[in-house]
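Asker: Let me give you the structure first, and then I'll get to my questions.
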Amino acid sequence: MGGTAQGGMNAGYRARLHRALRDPVAWTDLIQMLKAAGAAVAAWVIAFEVAGLPQPFLAPWAALLVVHSTVYRSFWKGAKQISATVLGVLLAWGTGSLFGLNPLALGMMLIAGLLMGRTRWLRNEATTAAATAMLVLTAGQSTDGSVLLGRLLDTFIGVAVGVVVNMLVWPPFRDLTAARAVEAVGRRVGALLAQMADELGDGCRDEDVEEWVRQSHHLDETVNEAWALVRQARESGRLNPRRGSVAVREPGEFGEILERTGQSLAEVRSMARTLGYSITDTHEWDEGFRDRWIGLLAETGWAIQHPDTRRLGEIRVRLRVLASDYSDDQLSARYWPEYGGLILNLRNIATSMDEVADSDPVSASLRGPLRSAL
């Protein structure tokens with residue numbers, strides 16, 4: 001029996017390893033790490049062996065920082081880093097020439113560098129100018145013109161090597177990462193609906209409602225994170241020499257999918273509040289309505305988790321039938337607005353998520369040129 005369990009664990013491990021080896025996103029991340037390390041080493045070799053710079057510590061540092069997640073960001077970050085480095089060298093030269101190296105001068109210089117780093121152009125590079133100035137000043141090189149020029153050349157080499165490596169060695173696309181995030185948040189909406197249906201079967205409590213609302217807000221944050229990945233996917237097509245970069249700059253329906261997902265989450269909260277404030281307070285659920293509506297809620301959750309547009313279309317039809325069946329004075333007028341609201345919420349969710357299920361963003365990304373090669 002122990003052997004069987006061990007065999008199952010080994011099989012599970014092999015399956016995970018196989019998925020990882022066939023995962024284009026994992027390969028892209030691994031390649032980016034290897035590129036960053038290779039660019040840093042290459043920059044140091046060029047600066048030391050070819051340019052003959054002594055102690056070329058800024059070259060590998062600059063190269064490491066500019067091998068970014070997109071080619072466009074490498075260019076943009078490289079330009080900012082060069083600007084910050086030039087500013088740092090000038091700060092060190094001015095401080096060394098005027099005050100020399102002492103604690104007060106060092107502190108004033110660092111404050112000035114950090115303040116300059118807060119400007120709009122150098123935002124996110126606030127410490128680069130200050131750190132460069134500190135390294136140059138404390139190394140005793142702040143008044144040696146040839147050494148200062150060497151530090152600038154050191155940085156230029158690192159930035160140039162990092163940008164060239166990121167642009168020419170398998171420049172990354174990020175559309176598949178975005179597609180997976182978009183698809184995952186949709187499936188989590190389905191999981192939340194299935195959870196609601198399951199817990200409603202045992203009776204609805206105030207803490208259940210609050211948990212549903214809390215989870216919907218958390219999913220809103222996940223939608224925002226997916227939006228950031230969509231923007232990064234679009235950016236990854238800019239200045240990218242690979243075939244298909246135009247398509248990546250306009251990654252299809254991602255934006256519309258996320259908007260529909262956000263609308264569905266608003267409907268989920270409305271539905272949860274209706275259950276919490278109205279239906280559960282009356283304790284007078286019509287049993288026939290209750291069973292049919294909860295059943296449709298569970299089916300909607302399943303159809304979203306296992307993208308099934310046919311099932312979602314059928315659910316919308318059955319919701320219309322449910323509304324028709326209970327609209328002829330079969331429910332007290334006092335409670336019909338609440339029941340009608342629940343039907344409307346669920347119909348809107350099924351309609352919005354039908355478009356999400358039909359899009360299949362991951363498969364669309366994998367069909368893109370060269371992206372399924374790994």
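Asker: Could you go through segment 161-178 and let me know if any residue there is more than 28 Å from Thr128 (Cβ to Cβ) and over 19 Å from the mean Cα position of the chain (by Cα).
Answerer: No, segment 161-178 has no match at all.
Asker: Of all residues in segment 354-374, which are of a type in the set (A, V, I, L, M), in contact with a Lys or Arg (Cβ under 7 Å, 6 or more places away or on another chain) and either at pLDDT 60 or above or in a loop (DSSP other than H, G, I, E, B) (or both)?
Answerer: Within segment 354-374, Val356, Leu370 meet the criteria.
Asker: Another question about this same structure. Report whether or not Ala20 is at pLDDT below 75, under 30 Å from Thr177 (Cβ atoms) and part of a helix (DSSP H, G or I).
Answerer: yes
Asker: Being in a helix (DSSP H, G or I) and in contact (Cβ under 8 Å) with a residue 40 or more places away in the chain narrows it down to one residue among Glu221, Glu183, Glu207, Glu199; which is it?
Answerer: Of the residues listed, the single one that is in a helix (DSSP H, G or I) and in contact (Cβ under 8 Å) with a residue 40 or more places away in the chain is Glu183.
Asker: Specify the residue that is farthest from Ala357 (Cα to Cα); the eligible residues are those in segment 309-337 that are at pLDDT below 90 and among the acidic types (Asp, Glu).
Answerer: Among them, the one singled out is Asp329.
Asker: Okay, next question. List every residue pair whose Cβ atoms sit under 7 Å apart, with the two residues 6 or more apart in sequence or on different chains, where the first one lies in segment 35-57 and is in contact (Cβ under 8 Å) with a residue 24 or more places away in the chain and in a loop (DSSP other than H, G, I, E, B) and the second, anywhere, is among the basic types (Lys, Arg) and buried (at least 18 other Cβ atoms within 10 Å of the Cβ).
Answerer: That search, which allows pairs on different chains as well, returns nothing.
Asker: If you don't mind, another one. Cβ-Cβ under 6 Å, sequence separation 6+ or interchain: first residue in segment 312-326 and open to solvent by less than 20 Å² (accessible area, probe 1.4 Å), partner at pLDDT below 90. Which pairs?
Answerer: Leu312/Asp354
Asker: Residues Leu110, Leu152: which one is surrounded by fewer than 22 Cβ atoms within 10 Å (Cβ to Cβ) and farther than 29 Å from Leu34 by Cα?
Answerer: Leu110
Asker: Picking from Leu101, Leu110, Leu91, which residue would you name as being over 30 Å from Leu229 (Cα atoms), in contact (Cβ under 8 Å) with a residue 12 or more places away in the chain, in a loop (DSSP other than H, G, I, E, B) and not acidic (Asp, Glu)?
Answerer: Leu101
Asker: May I pose another question? Filter segment 158-214 down to the residues that are over 30 Å from Arg290 (Cβ atoms) and among the charged types (D, E, K, R), then identify the one that is modelled with the highest pLDDT.
Answerer: Filtering first and then ranking leaves Glu183.
Asker: Identify, please: which residue in segment 92-107 is open to solvent by 30 Å² or more (accessible area, probe 1.4 Å) and in contact with a helix residue (DSSP H, G or I) (Cβ under 7 Å, 6 or more places away or on another chain) and is, among those, farthest from Met134 (Cα to Cα)?
Answerer: Phe99
The values are calculated or read from the model by the stated rules, or taken from the named source; none is laboratory data. On a predicted model such as this, the values are computed, not experimentally measured, just so you know. Cβ sites come from the backbone with ideal geometry, for glycine too, and all protein chains shown count toward neighbours. Side chains included, ligands, DNA and RNA excluded: accessible areas come from the protein's heavy atoms. Shrake-Rupley method; radii C 1.70, N 1.55, O 1.52, S 1.80 Å.
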